[in-house]
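Down below is the structure, laid out as structure tokens.
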Amino acid sequence: MSEPEHVLVIGAGLGGLRTVQGLRRSGFTGRISLVGAEEPPAYDRPPLSKQYLAGEWDRERIGLVADDEFDGLGVRTHFGRSAVALRPGGDTHEVELDDGSTLHADAIVLAVGVAPRRLSGQPDSAHLLRTVEDSTALRGTFDGASSLLVVGAGFIGAEVASTAVARGLRVTVLEADAVPMARVLGSRVGALAGRLISDGGADLRCGVSVSALTGSGATLSDGSTVDADAILVGVGARLDLDWLTTTGLDLAGGIPCDERGRVEGLAGVWAVGDAAAWTDPRYGDRPRHEHWTSATDQAAAVAADIAGAQPPPESVPYFWSDQFGLKIQLIGRPELADGLLALHGEGFDDGGDTGGEIKGTTIGYLRGDELVAVVGFGAARRIARYRKPLADRADRDTVLEFRDSLT
Ligand SMILES: Cc1cc2nc3c(=O)[nH]c(=O)nc-3n(C[C@H](O)[C@H](O)[C@H](O)COP(=O)(O)OP(=O)(O)OC[C@H]3O[C@@H](n4cnc5c(N)ncnc54)[C@H](O)[C@@H]3O)c2cc1C
């Protein structure tokens, strides 16, 4: 494939910015345009539920790229504009923006992220959290509030609960499943994550669903009510890809890509980040990761692919979450697992949550005999060591030998 003349990156968040930086770093000298629905400067999202929400970091500190570096990238920007249609062509594709203008490029990178899911009938006063404006608004609400209701005990809900408890708010967390984060961690490890929330000072109520949200709290499916000065709805994210229907792609599971991020069936189009479903060459499926490092790693790989540069080494999916004084870190693909292996620490054994100290607890996920993921609770140094057995697809005995070599 010869180097394209014009790369058009759609979405100016983490994946989009890192793609632009990666293109220049890979020696791409052609034209680059960047379309972003949000106003600049581009910012990083993880602090929005942590340091920025807590008021510890300001807007400047969460910037994704310094102004002078951005100026040096030589990018034509269209900020505050959304792409509303992609019309594939032979050598050149056409993208329409929401002001009716059109852009043409022979390489397109879709880096459009996801949108927060709302509850039906959700009042305007209930907060969602995806953008810096959302976080600023929630932070402002904290100032005059003494209580917070968090609907959904996923990672973002738990992080906001943690930040609010630290600010002195009385926090109730409602979760429809039997334990928090079950979809990602599985039910037994999710129970441990639930204990972290409860021990951390929030009132966690699982197995309850909300039948109505009001300006002053919620009515639950069992008829009881929860009063709160502020509400955060953290019930996950949804794909926002209707504007791509003109491509004819099946977008139900995300933008379908091969293992290099090339969109299946659309030559000259790549996708990165939360909206992209890349083929995993190790397992042959096409997962979608809403992880900071996946967006970064995919951007580097796509930039190299477009520029014809050496591809970066293959990476293992990685996610972290900071809550209640601990960093939860997850490497690999826990959703593939059918078994667990207690590795280190006091919080978990083969019977599940022990009630012991959570910090330092490290758990392996097995598919059959093969290690497919490792999660650690406040176990950063250990977790890093497990990258190699994961990359090697180590079997149970090898993992146990490895574990013993660490203790
Ligand atoms: C509150 C919060 C906390 C998080 N904490 C963590 C964490 O601790 N650890 C972790 O691993 N991950 C975390 N994440 C996830 C991480 O931030 C995302 O995985 C990452 O931002 C994905 O990058 P992206 O480029 O795919 O999407 P985004 O960063 O969302 O960027 C997409 C951009 O595209 C724009 N866009 C969308 N559609 C269009 C269009 N049609 N035209 C033009 N522009 C468009 C959007 O407005 C947005 O600016 C967190 C996310 C949030 C919201």
Pairing a residue in the range 380-401 that is closer than 23 Å to ILE328 by Cβ and touching a residue at least 60 places away in the same chain (Cβ under 8 Å) with any residue that is part of a loop (DSSP other than H, G, I, E, B) and of a type in the set (A, V, I, L, M, F, W, C), where Cβ atoms lie under 7 Å and the two sit 6 or more apart in sequence or on different chains, gives ARG387/VAL316; LEU390/VAL316; ALA391/VAL316
Exactly one of GLY223, GLY215, GLY248 is within 30 Å of GLU94 (Cα to Cα) and either in the same structural domain as TYR52 (by TED's automatic domain parsing) or modelled with pLDDT under 95 (or both), and that one is GLY248
| Within the range 287-295, is even one residue in contact (Cβ under 8 Å) with a residue 24 or more places away in the chain, acidic (Asp, Glu), surrounded by 20 or more Cβ atoms within 10 Å (Cβ to Cβ) and within 12 Å of the ligand (Cβ to nearest atom)? | no
Scanning the range 216-265 for residues that are surrounded by 14 or more Cβ atoms within 10 Å (Cβ to Cβ) and of a type in the set (Lys, Arg) gives ARG260, ARG262
Only one of (1) touching a residue at least 60 places away in the same chain (Cβ under 8 Å); (2) more than 10 Å from the ligand (Cβ to nearest atom) does not apply to ARG45, and that is (2)
### Task
Would you check if ALA37 is of a type outside the set (Lys, Arg), touching a Ser or Thr at 6+ places or on another chain (Cβ under 6 Å), within 14 Å of ALA111 (Cα to Cα) and within 9 Å of the ligand (Cβ to nearest atom)?
yes
Among ALA137, ALA178, the single one that is modelled with pLDDT of 95 or more and within 16 Å of the ligand (Cβ to nearest atom) is ALA137
Note: among LEU34, LEU48, just one is aliphatic (A, V, I, L, M) and under 17 Å from VAL269 (Cα atoms), namely LEU34
Those residues of the range 332-361 which are closer than 16 Å to GLY194 by Cα, in contact with a strand residue (DSSP E or B) (Cβ under 8 Å, 6 or more places away or on another chain) and touching a residue at least 24 places away in the same chain (Cβ under 8 Å) amount to GLY347, PHE348, ILE358, LYS359, THR361
Residue count, the range 75-94, condition within 13 Å of the ligand (Cβ to nearest atom) and assigned to a strand (DSSP E or B), comes to 7
Flagged in the range 4-56 as part of a loop (DSSP other than H, G, I, E, B) and either in contact with a Leu (Cβ under 9 Å, 6 or more places away or on another chain) or of a type in the set (S, T, N, Q) (or both), in numbering order, are GLY11, ALA12, GLY13, SER26, THR29, GLY30, PRO41, ALA42, ASP44, ARG45
Per the filter on the range 95-125, residues more than 13 Å from the ligand (Cβ to nearest atom) and buried (at least 19 other Cβ atoms within 10 Å of the Cβ) are ALA105, ASP106, ALA107
For the range 150-175, pairs from a residue that is touching a residue at least 24 places away in the same chain (Cβ under 8 Å) and more than 14 Å from SER321 (Cβ to Cβ) to a residue that is among the charged types (D, E, K, R) and surrounded by fewer than 24 Cβ atoms within 10 Å (Cβ to Cβ), with Cβ under 6 Å and 6 or more apart or across chains, are THR172/ASP203; LEU174/ARG205
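The values are calculated or read from the model by the stated rules, or taken from the named source; none is laboratory data. The structure displayed is predicted, hence computed values, not measured ones. Here Cβ is always computed from backbone atoms with ideal geometry, including for glycine, and neighbour counts include all displayed protein chains.
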